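No lab work stands behind these numbers, since they all come straight from the coordinates. Since this is a predicted model, take the numbers as computed values, not measurements. Cβ coordinates were reconstructed from backbone atoms using ideal geometry, including for glycine residues, and neighbour counts include every protein chain displayed.
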Amino acid sequence: MKKLKVYLETTLFNYYFDEDRDAHPDTVTLFEECVEGRFEPYTSDYVVREIEDAPAEKRDKMLNLLRQYDITILTASDETDNLAARYISEGALPSGSSVDASHVAVASVNALDLIVSLNFRHIVRDKTIEMTGAINILLGYTIVKIKTPMEVIDVEKTRYHLGRDSRNTPQDR
């Protein structure tokens, strides 16, 4: 079976360490499934820049995930910047969300299979998914699927299957 090439968006690095968030266990499972060989993990220097803006203790932990999980860092380019600007000019993402548009663009330019995100404000939205897909086709790129960790990890490992939910305290998990 072909390994899916997945783009790990910034929110995942935050959720990995935030045990009080509902998606924390599923996010950790996603990273573990990358090590197990189910996914080939990528991120970008857009993510690295966002991580570098975090408080020092959290920043260092998140940057360590890049090494710990052997995540390939894709670089920004004029092509990704232009595609991101196109997403915004066409209304796929709102103005002021250029970094979010850049996440989708770098995954598209590098022909990744999917973006995994917990950014429900700008990325994991029907409008964004449909419009960026249409723009990609129009411009000769493939459609990059956009999903949450809960949608892509092994169903038997989700917090729902394991009986973990937001009502449990971290020590109950």
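Highest average first, the peptides 56-68, 113-125 ordered by how many other beta carbon atoms sit within 10 Å of their residues are 113-125, 56-68. Note on the chain: the alpha carbon radius of gyration divided by the globular reference 2.2 N^0.38 Å gives 1.02.
Residue-wise HN-Hα couplings along the range 70-75, as the Karplus relation 6.51 cos²θ - 1.76 cosθ + 1.60 with θ = phi - 60° gives them from phi, are 6, 8, 6, 9, 8, 9 Hz; Gly and Pro carry x. Within the shell defined by Cβ-Cβ distances under 12 Å, the residues around THR75 carry a net charge of -3, with Lys and Arg each +1 and Asp and Glu each -1.
Calculated [222 nm] ellipticity per residue, helices only, for the chain: -14500 deg cm²/dmol; basis is -39500 (n - 2.57) per DSSP H run with n ≥ 4, divided by all residues, nearest 500. Whole-Hz Karplus values for the range 110-124 come out as 8, 6, 6, 7, 7, 9, 10, 8, 10, 8, 7, 6, 10, 9, 7 Hz, taken residue by residue from phi with 6.51 cos²θ - 1.76 cosθ + 1.60 and θ = phi - 60°; glycine and proline positions read x. Can you classify the range 85-124 as rounded, prolate or oblate using the Cα gyration tensor, where a ≥ b ≥ c are the square roots of its eigenvalues, rounded means a/c under 1.5, and otherwise it's prolate if a/b beats b/c and oblate if not? Judged from the Cα gyration tensor, the range 85-124 comes out oblate (a/c at least 1.5, b/c at or above a/b). Once the chain from THR142 to GLU32 is taken as fully extended at 0.36 nm per residue, the excess over their C-alpha distance is 36.9 nm. The charge dipole of the chain, taken about its Cα centre with unit charges on the Cβ of Lys, Arg, Asp and Glu (plus for the first two, minus for the last two), comes to roughly 260 debye. Helix 24-35 and the longest principal axis of the C-alpha atoms of the chain enclose an angle of approximately 70°. Note on the range 52-107: Cα Rg divided by 2.2 N^0.38 Å, N the number of residues, gives 1.37. Taking all Cα pairs closer than 8 Å and separated by 6 or more residues, the relative contact order of the chain comes to 27 percent. Here's the list of aspartates and glutamates a cross-link from LYS2 could span, going by alpha-carbon distance under 13 Å and ignoring same-chain residues fewer than 8 apart: GLU40, ASP113.
Which angle between 0 and 90 degrees, to the nearest 10, do you get for helix 78-89 versus the longest principal axis of the chain when only C-alpha atoms count? Approximately 90 degrees, to the nearest ten. Relative protection proxy for 39-48, 80-89, 6-15, from highest mean packing down: 6-15, 39-48, 80-89 (other beta-carbon atoms within 10 angstrom).
A cut-off of 5 Å between modelled amide H atoms, ignoring neighbours fewer than 5 places along the same chain, links GLU40 with LEU4, LYS5, VAL6.
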